Structure formats: C-alpha cells, structure tokens
Amino acid sequence: AQQPPPSPAHPAAPTAPGPGPLRVLGLDLSLTATGICLTDGATLTIKTRQKDGDRRLVVIADALTSMIGDGSTVDVAVIEDLPKHAMAAGITGMVHGVARSVLLRAGIPYALVVPATLKAFATGKGAGDKTPMVMAAYKRAGREFGDDNQCDAFWLRAAGLDWYGQPEFDLPKAQRERLAKVAWPAREAVQR
C-alpha cells in the first residue's frame with residue numbers, strides 16, 4: 001500500500017482529514033463477544049449465545065448497522081485483523097465478513113490491524129497476554145473496561161486517531177511507528 005505524506009503529528013501519517021475531530025470506530029470482532037469503541041470513546045460489547053448458532057452473525061450485523069446508521073457519523077473503522085494460523089480464524093472470519101459488509105454498505109473505509117501490531121502500538125511489545133494492554137490504557141488514558149474486547153476496541157480507535165494526526169494521548173515514537181505496518185485508507189477516503 002502506498003504510504004501517505006508525513007505530518008507533524010506522526011512522521012508517516014497524513015494530516016488530519018477535514019475540519020473537526022476524526023470519527024473513528026474501533027472493532028474487536030468475535031462471534032461470542034465483539035468489543036466496540038464508538039467514535040466518542042465509549043465502549044461496549046455485543047455478546048451472543050452459542051446456542052443461537054449462525055443467528056449470532058445476524059445479531060452482530062444488526063447491532064453494527066444500528067450503531068453506524070447510514071455511515072455519516074463514522075469516518076473510518078479500525079478492525080483487529082484475523083488471527084494467523086489459528087483454529088478460530090474460520091469462525092472469526094465469518095464475523096469479519098458480516099462486519100465488513102455492514103461497513104461497505106454504509107460507505108465506511110476500514111483498516112485491518114494485526115494483533116501483534118496493535119499490542120506493540122499499545123505496550124511496546126508485540127506479544128503477551130491482555131494485561132499489559134489493560135494497564136497501558138489505564139496509564140495513558142485513565143480508562144478501565146468491562147472486558148478485554150472493549151480494551152482492544154479502545155486501542156484500535158486510538159490507533160486510527162493517532163495515524164490520522166489526532167492522538168488522544170502521547171506514546172513513545174517507537175510504538176507509534178508500528179502503525180506504519182498497517183494498510184490505512186487514504187486520507188481522501190476518510191474526509192467528510
């Protein structure tokens with residue numbers, strides 16, 4: 001992917017798109033518990049029941065559609081990418097298909113961030129359990145969450161805001177540079 005021109009806020013990022021704050025939606029997709037960070041920073045989890053089978057996909061699609069409406073309230077979505085070489089990739093892939101379809105229909109561009117890149121952005125290390133991400137969110141933003149899915153969604157939103165030149169808090173340069181590994185939508189695609 002072609003990298004956008006640098007800005008003062010981020011050495012490899014485009015300048016902030018359009019007037020006003022960028023509206024970034026963070027999505028940590030899962031068939032059982034999808035973490036969401038809304039454009040205002042509020043977090044929630046869409047929980048489904050295993051006994052409902054594939055109807056869970058409809059629950060997730062309906063919830064996302066309800067949250068984003070016609071797409072006019074979201075500039076870009078940042079999604080944690082599928083796990084590599086994992087049994088869960090197939091199941092999570094179904095949820096990705098549903099979520100991406102909702103975003104595409106609403107005209108919302110999205111970026112996919114692999115878990116190791118997200119962890120490295122949040123904590124400086126690309127491996128490990130969820131505890132360092134939770135601690136980093138508390139340290140950097142004073143945030144606590146109902147579950148790990150909400151925490152991941154928070155960091156996905158934070159990554160999008162940081163990349164497009166509107167970081168909500170300071171991070172070390174080395175952590176911020178990890179975002180250059182992501183194929184971000186062009187600046188023009190996220191302008192209002």
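Here K173 is the anchor, and the aspartates and glutamates within straight C-alpha reach of less than 16 Å, apart from those fewer than 8 places off in the same chain, are D162. Accessible surface computed residue by residue for the chain, with neighbouring protein chains in place and a 1.4 Å probe, gives 48 Å² per residue. Looking at the chain alone, DSSP beta bridges between its own residues are antiparallel in about 50 percent of cases.
Cross-link check: pairs K47/K181; K47/K84; K130/K181; K51/K125; K47/K119 evaluated at a Cα-Cα cut-off of 25 Å; pairs beyond the cut-off: K47/K181; K51/K125. The accessible area of V58, taken with all protein chains in place and a 1.4 Å probe, comes to roughly 60 Å². In the set (i) 25, 20, 15; (ii) 34, 24, 18; (iii) 31, 18, 15, which value of semi-axes √(5λ) of the Cα gyration tensor in Å was calculated from the structure you see? Given (i) 25, 20, 15; (ii) 34, 24, 18; (iii) 31, 18, 15, the calculated one carries the label (i). Taking all protein chains as they are arranged and a probe of 1.4 Å, the heavy atoms of K119 leave approximately 40 Å² accessible to solvent. Computed over protein heavy atoms with a 1.4 angstrom probe, the accessible surface ordering of R178, R157, largest first, is R178, R157. Heavy-atom accessible area, probed at 1.4 angstrom with all protein chains present, ranks Y138, Y110 as Y138, Y110, highest first. Here the accessible area of the chain is 54 percent carbon and sulfur, with a 1.4 angstrom probe and all protein chains present.
The C-alpha atoms of the chain define a longest principal axis, and helix 148-163 lies at about 30 degrees to it. Helix 131-141 sits at what angle to the longest principal axis of the chain, using alpha carbons and giving 0 to 90 degrees rounded to 10? Rounded to the nearest ten degrees, it is 50. Computed on protein heavy atoms with a 1.4 Å probe, the accessible areas place I36, I91 in the order I91, I36, largest first.
Measure nothing but the geometry: give the 0 to 90° angle between the long axis through the Cα atoms of 55-68 and the longest principal axis through the Cα atoms of the chain, rounded to 10°. So the inclination is approximately 40 degrees.
The values are calculated or read from the model by the stated rules, or taken from the named source; none is laboratory data. Computed from a predicted structure; not experimentally measured. For the accessible areas, the whole protein counts, side chains as well, though only heavy atoms, and no ligand, DNA or RNA atoms are used. Shrake-Rupley method; radii C 1.70, N 1.55, O 1.52, S 1.80 Å.
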